[in-house]
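Here the structure is laid out as structure tokens; the discussion comes afterwards.
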Amino acid sequence: MTQGKIFVAGHRGMVGAAIVRRLEALGLGDRLLLAGREELDLLDQAAVRRFFQRHAIERVYLAAARVGGIHANDTYPAEFIHQNLVIQCNVIHAAWEAGVPRLLFLGSSCIYPKHAPQPIPEEALLTGPLEPTNEPYAVAKIAGLKICESYHRQYGCDFRSVMPTNLYGPGDNFHPDNAHVIPALLRRFHEAAQRGDEAVTVWGTGTPRREFLHVDDMAAACVHVMELDEAAYRSQTAPMRRHLNVGTGQDVTIAELAQTIARVTGFGGRIVFDASKPDGTPRKLLDVSRIRALGWQPSIGLEEGLRSAYAWYREHAAQVRQ
Ligand code: GFB
């Protein structure tokens, strides 16, 4: 990498902030180019083009997205598909126009079919119907991955994509309804423990299985994939399959997760499952053999990660999104 700027789009989000921490830890803090929403609206194509023309950008981490848990996806499908498609098209196109040498697009494990073989290999993409609760978001993320592939095929851009499993950690969204399961339960169990409630409710049947990766492990994976030389990246991808799964290779049931969160938060009451709430896809364990073959593996176990996320929540409970 020479001396150009490293633009982290979405640096205030959970993943973007973790990527910034990782780059700073690697001594690259002075290369960072960060722009908050008030400074650069990623939904405004002309503004994004001007931004890329104004700076000599060497790397782009596209971590900006409209994200949320199963309820948020089910409630705001138009916002999820529109905002994610527009952000992706604006940033990827402007990066090409400005001749940015390398870009990393962050997708999601929900791009895979609802009943994909488990663990899910990268080849499973577009082989079956998606999970309805987050199909709009998944279609947007599939489009982002395909835009990167297409700019590689037509213009030779070295634009890469990583598909993370469910992420959690410091800086997460702890909104009671719109959050993903881990922050939602950490907050609910914490508040129940504080009040001395005798029971706490968990959505769904508790039987779906989920794989959870701490966001600091994800950030390390992003920098690792970004800095792979082209030959290495090509060794584990194909011109029309340029994405790489990122995960731990292990999953737990929502019920097991809830029991672990009860332990972490000190909640001693009963756990009640509300089957009127959606379960979502039954399982989405990723096949992570390719990224492991490229030399990356996670280092933060689930209970350790949950304790760090809970500590962050308790420190920031006053400011987290209500
Ligand atoms: O994390 P989550 O919202 O999203 O839900 P997905 C995971 C599982 O946790 C579902 C259960 O089976 C939920 O029923 N669950 C139990 C809860 N209690 C709760 C709760 O209080 N809040 C939430 N949110 N879930 C997301 C996609 O799917 O995965 C996103 O919707 C994204 O677009 C993300 O792709 C990675 O794992 O089901």
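The values are calculated or read from the model by the stated rules, or taken from the named source; none is laboratory data. Values in this document were obtained by computation on a predicted structure and should not be read as measured data. No Cβ is skipped: glycine too gets one built from the backbone with ideal geometry, and neighbour counts run over all protein chains shown. These accessible areas exclude ligands, DNA and RNA; they are computed on the full protein's heavy atoms, side chains included. Shrake-Rupley method; radii C 1.70, N 1.55, O 1.52, S 1.80 Å.
A few remarks follow.
- Difference of contour (0.36 nm per residue) and Cα-Cα distance, Ala25 to Glu191: 56.4 nm
- For the stretch 183-217 versus the stretch 288-318, the inter-centroid distance based on Cα atoms is 16 Å.
- Residue among Tyr137, Tyr76, Tyr310 with the largest mean-square fluctuation in a Gaussian network model of the chain, springs linking Cα atoms under 10 Å: Tyr76
- When the charge dipole of the stretch 1-155 is built from unit charges on Cβ atoms (+1 for Lys and Arg, -1 for Asp and Glu) and taken about the Cα centre, the candidate among His82, Ala140, Ala95 whose Cα reaches farthest toward its positive end is Ala95.
- Residue-span extension gain [Ser289 to Gln53] - 0.36 nm each, minus C-alpha spacing: 81.1 nm
- The mean accessible area for residues of the stretch 211-322, using a 1.4 Å probe and ignoring ligands and nucleic acids, is 45 Å² per residue.
- Remark: the chain carries a charge dipole of roughly 320 debye about the Cα centre, counting +1 on each Lys and Arg Cβ and -1 on each Asp and Glu Cβ.
- Prolate/oblate/rounded call for the stretch 100-222, Cα gyration tensor, a/c under 1.5 rounded: prolate
- Three-way shape call for the stretch 1-74 based on the alpha-carbon gyration tensor, with the a/c threshold at 1.5: oblate
- Relative contact order for the chain, counting Cα pairs under 8 Å that sit 6 or more residues apart, in percent: 20
- Dividing the summed -39500 (n - 2.57) terms of all DSSP H runs of n ≥ 4 by the residue count of the chain sets its mean residue ellipticity at 222 nm at -13000 deg cm²/dmol.
- Accessible area per residue for the stretch 110-210, computed on protein heavy atoms with a 1.4 Å probe, is 37 Å².
- At 0.692 mPa s and 37 °C, Stokes D of the chain from Kirkwood alpha-carbon radius, µm² per second: 164
- Expressed as a whole percent, the accessible surface of the stretch 22-98 that belongs to carbon and sulfur atoms is 50, based on a 1.4 Å probe.
- Under 5 Å from the amide H of Leu244 lie the amide H atoms of Ser161, Val162, Met163, each residue being 5 or more positions distant or on a separate chain, with H modelled from the backbone and absent for Pro and chain starts.
- Per-residue surface analysis assigns Ser299 an accessible area of about 90 Å², computed on protein heavy atoms at 1.4 Å probe radius.
- Cα gyration tensor category, rounded, prolate or oblate, for the stretch 55-144 with a/c compared to 1.5: oblate
- Apportionment of accessible area to carbon and sulfur, the stretch 156-315, percent (1.4 Å): 48
- Dipole of the chain, positive end: most advanced residue of Ala63, Gly13, Met240 [Cβ charges, Cα centre]: Met240
- Compactness of the stretch 191-242 as Cα Rg over 2.2 N^0.38 Å, two decimals: 2.06
- Of the beta bridges in the chain, as assigned by DSSP with both residues counted there, near 10 percent are antiparallel.
- Take every DSSP beta bridge whose two residues both sit in the stretch 169-322; close to 35 percent of them are antiparallel.
- Of Met240, Met14, the order by accessible heavy-atom surface (1.4 Å probe, DNA, RNA and ligands excluded), from most exposed downward, is Met240, Met14.
- Taking all protein chains together and rolling a 1.4 Å probe, Lys114 ends up with roughly 50 Å² accessible.
- Placing pseudo-labels 7 Å out from each Cα toward the beta carbon at Gln3 and Asp41 gives an inter-label distance of 3.6 nm.
- Working note: Karplus 6.51/-1.76/1.60 with θ = phi - 60° gives the stretch 6-15 the couplings 10, 8, 9, 6, x, 5, 8, x, 4, 6 Hz, where Gly and Pro are set to x.
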